[in-house]
Amino acid sequence: MSLREEAAQLRQDIENEQRDKLKIALFGQPGAGKSSLINQIVGQPVVKTGASTDMTTEAQVIAHDELLLVDLPGYGTTRFPPNQWMEQFKPEELDLFLCVFSGKFHEADSKFFKELREKGRICLFVRNKRDDLWEDGKTQEELEAEIAADVHRQVGSEEPVHFVSCRTRGGLAELVDAIYAALDPAKREKYARSAKAFSMAHLEAKRAACEKAVYKYAGLAAANGLNPIPGVNVGVDISIMFKLFADVRSAYGLTDEKVNKLIPSLLPLGKRVLDYSTKEGIALLLKRFAGKGASVQIGRFVPFIGQAVAAAAGFGLTLAAGKSYLNDCHELAERILAAELGIAEQP
Ligand SMILES: Nc1nc2c(ncn2[C@@H]2O[C@H](COP(=O)(O)OP(=O)(O)OP(=O)(O)O)[C@@H](O)[C@H]2O)c(=O)[nH]1
Ligand SMILES: [Mg+2]
């Protein structure tokens, strides 16, 4: 294929990838913590939560990078009689369901789950507010076993129950593992890229998923060489690099607000992440790599980008710049997560 054909295919590939979202719906009793869990998954307060009845009154679809999260109102309320659910939402269009409950597991939860199972949909049970579990004379493990047994009795099969707390973030890393296991590999990658990481393992999965995007965008930016880079004899499409950098930054949740609140020791790295996210910053970074005569290591990524794109003038630069930005974002996210998890920094 010619460079032009390969570039067109790469562009189509990127567009398809972006269009095909991972769709997850959360359902459950009013106040179970569905909206709170969405905020945890996204890593930002994107939906309203609260102790009053029916905080969420209409189904809301939250779009975050490659994720679509459907926040459903608590059912059994006048706002949402259970029998209207299946008519309003097409379960077959969703990749995964999370049945969120707190307190006791209700018959309505069980009924909804059974309907989903009949339709062959995947649904995970999430017992939220595990920080609230307490009973005199019983251990946490005993209480969790009792709740799981109650769910098994009501739904008639031994479905795993994932115990989490949105308040302490306990159990969220394990829930993510269960979500991964339930998804097919392409969708898993989308989850890895788009959702907040609660473990170092998730951050590594994020890096691997983002790296693929780096190759594709860098390939397209080089193939589509529009803007001459000062002092270098090649053109690069800076807008494509700009989109790549914004996506990578977003994948790691490095918003302006978050970066501006960093502790002093992380500020220099944070500043680099912000500075290189502008078109001017990207041009500077490309120029820096041009000076170093960036060489290309493509290896296992050739199938994603094509031979002609891989050989395009400028690809060495765009790839080196993309990887460098990915490394900066990864390192910053790793250090932020280490602080969140209470892991001491190496001196
Ligand atoms: N203790 C504790 N409280 C929580 C936890 N998660 C959520 N909450 C609180 O529970 C209340 C209800 O949370 P929401 O996320 O609004 O619940 P919801 O399921 O979306 O509620 P509706 O939209 O009304 O159906 C809020 O006051 C939350 O702050 C948790 O893990 N532990
Ligand atoms: Mg809600």
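The values are calculated or read from the model by the stated rules, or taken from the named source; none is laboratory data. Keep in mind the model is a prediction, meaning the values are calculated, not measured. Note that each Cβ is placed from the backbone with ideal geometry, even for glycine, and that neighbours are counted across all protein chains shown. For accessibility, only protein heavy atoms count, side chains too; no ligands or nucleic acids. Shrake-Rupley method; radii C 1.70, N 1.55, O 1.52, S 1.80 Å.
Among the residues of region 93-118, those that are among the charged types (D, E, K, R), farther than 15 Å from S157 by Cβ and either touching a helix residue (DSSP H, G or I) at 6+ places or on another chain (Cβ under 7 Å) or without any contact (Cβ under 8 Å) to a residue 60 or more places away in the chain (or both) comprise D95, K104, E107.
The set of residues in region 167-223 being outside the structural domain of L98 (by TED's automatic domain parsing) and of a type in the set (V, I, T) consists of V214 alone.
For region 260-270, taking the residues that are under 20 Å from K323 (Cβ atoms) and open to solvent by less than 20 Å² (accessible area, probe 1.4 Å), the one that is nearest to the chain's Cα centre (by Cα) is identified as G270.
If you go through region 38-71 and keep only what is within 10 Å of ligand 1 (Cβ to nearest atom), open to solvent by less than 60 Å² (accessible area, probe 1.4 Å) and outside any strand (DSSP E or B), you end up with I38, N39, Q40, V47, G50, D54, M55, T56, T57. Return yes or no: is F245 at pLDDT below 95 and either under 27 Å from L67 (Cα atoms) or crowded, with 21+ Cβ neighbours inside 10 Å (or both)? It is false that F245 is at pLDDT below 95 and either under 27 Å from L67 (Cα atoms) or crowded, with 21+ Cβ neighbours inside 10 Å (or both). Looking across E158, E257, one residue alone is in contact with a helix residue (DSSP H, G or I) (Cβ under 7 Å, 6 or more places away or on another chain), surrounded by fewer than 19 Cβ atoms within 10 Å (Cβ to Cβ) and without any contact (Cβ under 8 Å) to a residue 12 or more places away in the chain. It is E158.
Scanning region 20-70 for residues that are β-branched (V, I, T), more than 19 Å from H162 (Cα to Cα) and within 12 Å of ligand 2 (Cβ to nearest atom) yields V46, V47, T49, T53, T56, T57, I62, V70. Of all residues in region 75-102, those being modelled with pLDDT of 90 or more and in a loop (DSSP other than H, G, I, E, B) number 3. Residues in region 189-202 that are under 17 Å from L67 (Cα atoms) and part of a helix (DSSP H, G or I): E189, K190, Y191, A192, R193, S194, H202. S35: of a type in the set (S, T, Y), open to solvent by less than 20 Å² (accessible area, probe 1.4 Å), within 8 Å of ligand 1 (Cβ to nearest atom) and at pLDDT below 95, yes or no? Criteria met by S35.
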